[in-house]
Each structure stands twice: as C-alpha cells, then as structure tokens.
Amino acid sequence: MLGAGRRSPQKVAVHYAGGDVTYGELDSLSARLSHALVEHHAINRGDRVVVQTAKAPEVLALNVACARVGAIFVPLNTAYTDRETVDLLDDVSPALLVRAQALDHTVPRVSLEELVHSSLPLPSLFEDVASDAATPAAMLFTSGTTGRPKAAVITQGNLHFGCTTLNEVWAITSDDVVVHVLPLFHVHGLFVAAYCALSSGATMHLLEGFNCDEVLEVLGTSTLMMGVPTHYTRLLDDERFAATVTSSMRLFISGSAPMLASTHEEFFTRTGQRILERYGMTETGMIASNPLRGERRIGTVGPALPGVNVRISADPPGVVEVRGPNVFSEYWNRPELRSSEFTADGYFITGDIGVIDDDGYLEIVGRRKDLIITGGLNVYPKELELVIDAFPGVLESAVVGVPDADFGEAVSAVVVALPGETLDVEELRVRARATMASFKVPKHFFVVTALPRNTMGKVQKADLRREMILL
C-alpha cells in the first residue's frame, strides 16, 4: 500500500464524505500515527491494538501504522455490546483500545480523533520495524454464532498473498475506482476490498455503509464493486438501477454469503453483467473465485485461486479443506484447536460441505454444523432451500433442525414471500411432499417477513433455531 502511494503521492486514494485523501497524505498520516503509537502509547512489536471505531480513512492509516511498528491490528465490530467487547479484550490482552466511548476495562483507551490529533506535530517519516511473511499482522474474531469466539492470527504473508493474487485474477489496477460499502472490521471489507484497492493504487469511494442513493450516485464514476448478496438485492429493488447507471462498471463481486440464482439472473437482465461470486472465510482469506474471463457458473464459487490447494475430505459428508499461503497461522491462545481444525498433512478444515466438478469449480453445499440428522438420515439444508426457493411466491428460505423427541431433529423451514405474495403453509407442505423424499419434507413451515442476518448478509441459523425452539 505504501509502495502505491509513493509512486503516485498526489493521486486520490479515498473519496469520502469528509473530502479526499491522497496516497501521499495516507502515507504521511500512517507515519505520524506510527510515532504516536510508539511515543505516546508505548506500543511495541507484537502488541495488540484493538480498534472499535466508525469507518473512516484514518482507520486505514492506523492499520498501516500498526504494521509499520510491528503491532497486531485487531478491528472489532462496532455493533458489539460493552459486555461482548470486554470479553474479547480479555481474550487478546491489548496494549491499547482505540474507541471513543468509555468502557469498564483496564486497557488504556484513546479515541481515533484524539490519536490523530496527537500525531499532527509528529514527523511524517517513520523507519518501519522489520517484518517477514510469518509476522502476525492482524487478528480477526470468527463470528462465534455458536460457542466462544476465536481470534484468528493473520500474518503479513497471508495479507500479501491475498491482495497480490486477487489483484492479478481480478485485474485490479490503478485505473480502477472501487465502490466500498463494507465494514472495515472483517476480511471482505478490509483485507479484500480495501487492500486490493490501495495495494494496486486504485481509488476508493469509501461509503459509510450501503445506501442505495449514495451507491447509485457513485456507480457512474466507478469500475468495480464488492458487496454481499443483500446489497445487490437492494439495488435491484430500486427502479433507478439499470444498465445506464452501470455503464462504467467492469466488475461486480459478491461473497460472504451465497447468492440466489434468481438474483444472478435478474441482475444480468437489468445490467447485462454477470456478478462474480467468490469464496473465502476469516481463517483463509479468499479461497476460490469464478473467473474474470471465462464462465461464471451460478451456484458455484469457481475454481481455487492460484497457489491455493482445495480438496474435499474423503469421509462423509465431504468437507472443504484448504492449504496454502492464504491460511492463517493459529487461533490466539488456543493451541488445543490445532489438532481439531487442521488435518495431519496441514489442511485447514473449513467446516463447509462442498463438491468439486470435473472442471474444478467448487460448490458449497452447506455447513457441516448445519447438517440435520433426522431419524438417522442426513439432510443437507441447502439442497432443500434450493427446492423451496423455486416454489411460486417464495423469495428465499432457510432450513434448520430443531430438537425432536421422535427423530432427534425435525426438519424445519423458514420462508420469506416475494413482495406482494401470500404464502400458505399447507400449500408449501404439499409442494414439498411432491418434490422431496419423505424424510426431507419439513415437519414445520414458518412464514416470516425477513431472515435474520449479520452485517455480512449471512443468515443467522442459530438465531432461527433458538426462536423455533421457543415456539
């Protein structure tokens, strides 16, 4: 990122609500923040710096500053409650918390605004601490939808491999203008969208979040957008979204959650462009991607990225396993997980059930933890969801298992109707019986207005299970 800035210091790196920031300004700010971390807050190599603050260009500069001083950047979701934040702080024992709001914790705290202000009189040059591919660069907490969240340690090598590989396969260059609508506290928003843009010398429209009006305003001067399926469905819900708005765009990328085939098709009909779907996770960064040039197959996430090895475990139900320079080094303070999360020959066990076709395209069938065992028989939720989603009047569905005295787990379907449609539970059940084996037919159907999702658009099936158990 600093290399790109030093080649073109006057070029705008970030357009945002507060104005423009050039690469040279980003470089200088990262140097001043590096001095502030060391001189004002005694940050040393290997110290954890937790950042829980609103999306802003200064967050990017602080991320670079942490790397320059050898500290480990730990971004936290701003939606976490104080209790959740305290638990995570206890886990990583940071030397500094960058957050505006007070918190009942002993860690030293400073707001991002105060940190930036204190750096103003400091030098705009900094001698970087030496690092190599194995140097820890960041920690990201896994979603923790079940059990205790884990902090994945991401190395400099992981990040370098990720952005250089993606810039190559997606042909991202300094000519690109990226629409950035994602948070800066996870892989997709920070280590993919932002890192690819900055490391290639591109320009970003750094939007606070996803807002249709704002996105439509900048699409006409942009070339690339990375988002989650929810972002694209919201664009399609807006009658202003059409090919005339996307004429300058060369690539739309989607990830973090599977996209419905109907969304793919409607997007193509409206814009003439195919969304590129890819696959990754916190512990691995990006794993696979549909091709920039070549067939983008709906329902798949494409072949493995160059340099990444992907295989399907021999034991049922066939779990995706990954090895390569993209894979994280460890879970922080959780050495006992090494044997359960990695195979004997070094492959990371993703927990996703998948299949690879003869052309190497990977299809994610579901999560191993979502597998339903009913009466001793395996039911794969995604298989049923694809069938139910095709029923008349259905927008989308989620299938989960809930405790059942007779069968162990009962297959249950939560269904959302298309706008203006009304769904009849008994009619859904009749259609299911006509299209599924009897043991797969949901015992319960629930019609809801929307499925619960996290910030990345992933359906929160644990929440659905809890709600249905209470019914």
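The values are calculated or read from the model by the stated rules, or taken from the named source; none is laboratory data. None of the values given here were measured: they were computed from a predicted structure. As a convention, Cβ positions derive from the backbone with ideal geometry for all residues, glycine included, and neighbour counts pool all protein chains shown.
Count, please, the residues in region 432-446 that happen to be of a type outside the set (Phe, Trp, Tyr) and surrounded by fewer than 17 Cβ atoms within 10 Å (Cβ to Cβ).
The number of residues fulfilling the criteria is 7.
Please work out if residue 305 is surrounded by 13 or more Cβ atoms within 10 Å (Cβ to Cβ) and either hydrophobic (A, V, I, L, M, F, W, C) or at positive phi (or both).
yes
If you check 78, 142, which single one turns out to be under 19 Å from the mean Cα position of the chain (by Cα), under 26 Å from residue 21 (Cβ atoms) and of a type in the set (Ser, Thr, Tyr)?
The conditions single out 78.
For residue 420, are the conditions met, namely being at positive phi, outside any helix (DSSP H, G or I) and surrounded by fewer than 17 Cβ atoms within 10 Å (Cβ to Cβ)?
When the stated conditions are applied, residue 420 passes them.
If you go through region 81-104 one residue at a time, how many are surrounded by fewer than 16 Cβ atoms within 10 Å (Cβ to Cβ) and either of a type outside the set (Lys, Arg) or in a loop (DSSP other than H, G, I, E, B) (or both)?
Within region 81-104, residues that are surrounded by fewer than 16 Cβ atoms within 10 Å (Cβ to Cβ) and either of a type outside the set (Lys, Arg) or in a loop (DSSP other than H, G, I, E, B) (or both) number 12.
Could we say that residue 162 is modelled with pLDDT of 95 or more, under 19 Å from the mean Cα position of the chain (by Cα) and over 22 Å from residue 45 (Cα atoms) here?
Yes.
Note down all Cβ pairs under 9 Å where the first residue falls in region 83-100 and is in the same structural domain as residue 42 (by TED's automatic domain parsing) and farther than 20 Å from residue 59 by Cβ, the second is among the small types (Gly, Ala, Ser) and crowded, with 20+ Cβ neighbours inside 10 Å, and they're at least six residues apart or on different chains.
Pairs that qualify, where the first residue is in the same structural domain as residue 42 (by TED's automatic domain parsing) and farther than 20 Å from residue 59 by Cβ and the partner is among the small types (Gly, Ala, Ser) and crowded, with 20+ Cβ neighbours inside 10 Å, are 91/151.
Taking the criterion of being in a helix (DSSP H, G or I) and closer than 30 Å to residue 78 by Cβ, would at least one residue in region 443-461 satisfy it?
Yes: region 443-461 contains one or more residues that are in a helix (DSSP H, G or I) and closer than 30 Å to residue 78 by Cβ.
Determine which member of the set 2, 29, 37, 33 is in contact with a helix residue (DSSP H, G or I) (Cβ under 8 Å, 6 or more places away or on another chain), farther than 17 Å from residue 95 by Cβ and at pLDDT 95 or above.
29
Table: residues versus (1) among the β-branched types (Val, Ile, Thr); (2) under 22 Å from the mean Cα position of the chain (by Cα); (3) surrounded by fewer than 20 Cβ atoms within 10 Å (Cβ to Cβ).
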| position | (1), (2), (3) |
| --- | --- |
| 247 | no, no, yes |
| 265 | no, no, yes |
| 284 | yes, yes, no |
| 288 | no, yes, no |
| 298 | yes, yes, yes |
| 314 | no, no, yes |
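Go through (1) on the phi < 0 side of the Ramachandran plot; (2) crowded, with 16+ Cβ neighbours inside 10 Å one by one and return the number of the condition residue 345 breaks.
(2)
Of the numbered conditions (1) within 26 Å of the chain's Cα centre (by Cα); (2) closer than 30 Å to residue 305 by Cα; (3) not hydroxyl-bearing (Ser, Thr, Tyr), residue 358 fails exactly one; give the number of that condition.
Condition not satisfied by residue 358: (1).
Among the residues of region 388-402, is there at least one that is modelled with pLDDT of 85 or more, in a strand (DSSP E or B) and farther than 29 Å from residue 288 by Cβ?
Checked against the condition, which is being modelled with pLDDT of 85 or more, in a strand (DSSP E or B) and farther than 29 Å from residue 288 by Cβ, region 388-402 yields at least one hit.
Across region 1-23, which residue is nearest to residue 58 (Cα to Cα) among those that are over 26 Å from the mean Cα position of the chain (by Cα) and in a helix (DSSP H, G or I)?
Out of the qualifying residues, it is 6.
List pairs: first in region 337-356 and in contact (Cβ under 8 Å) with a residue 60 or more places away in the chain, second among the aliphatic types (A, V, I, L, M) and assigned to a loop (DSSP other than H, G, I, E, B), Cβ under 8 Å, 6+ apart or cross-chain?
As it stands, the answer is 348/327, since those pairs meet every condition given.
Determine which single condition residue 451 fails, assuming it passes every other condition in (1) touching a Leu at 6+ places or on another chain (Cβ under 7 Å); (2) closer than 22 Å to residue 365 by Cβ; (3) hydrophobic (A, V, I, L, M, F, W, C).
(1)
Is one or more of the residues making up region 1-13 hydroxyl-bearing (Ser, Thr, Tyr), within 21 Å of residue 122 (Cα to Cα) and surrounded by fewer than 22 Cβ atoms within 10 Å (Cβ to Cβ)?
No, every residue in region 1-13 fails to be hydroxyl-bearing (Ser, Thr, Tyr), within 21 Å of residue 122 (Cα to Cα) and surrounded by fewer than 22 Cβ atoms within 10 Å (Cβ to Cβ).
For residues in region 462-471 being among the hydrophobic types (A, V, I, L, M, F, W, C) and within 22 Å of residue 77 (Cβ to Cβ), which is modelled with the lowest pLDDT?
Among them, the one singled out is 462.
Of all residues in region 224-257, count the ones that are assigned to a loop (DSSP other than H, G, I, E, B), within 22 Å of residue 286 (Cβ to Cβ) and touching a helix residue (DSSP H, G or I) at 6+ places or on another chain (Cβ under 7 Å).
4
Suppose the filter is surrounded by 19 or more Cβ atoms within 10 Å (Cβ to Cβ), part of a loop (DSSP other than H, G, I, E, B) and not hydrophobic (A, V, I, L, M, F, W, C); does residue 173 pass it?
Taking the combined requirement at face value, the residue does not satisfy it.
Residues that are touching a residue at least 12 places away in the same chain (Cβ under 8 Å) and part of a loop (DSSP other than H, G, I, E, B): does region 265-273 have at least one?
yes
Scan region 388-395 and give yes if some residue there is of a type in the set (Asp, Glu), surrounded by fewer than 15 Cβ atoms within 10 Å (Cβ to Cβ) and touching a residue at least 24 places away in the same chain (Cβ under 8 Å), otherwise no.
No, the conditions are met nowhere in region 388-395.
Count, please, the residues in region 350-402 that happen to be among the β-branched types (Val, Ile, Thr), over 25 Å from residue 428 (Cα atoms) and touching a Lys or Arg at 6+ places or on another chain (Cβ under 9 Å).
4
Scanning region 367-384 for residues that are touching a strand residue (DSSP E or B) at 6+ places or on another chain (Cβ under 7 Å) and assigned to a strand (DSSP E or B), which turns out surrounded by the fewest Cβ atoms within 10 Å (Cβ to Cβ)?
373
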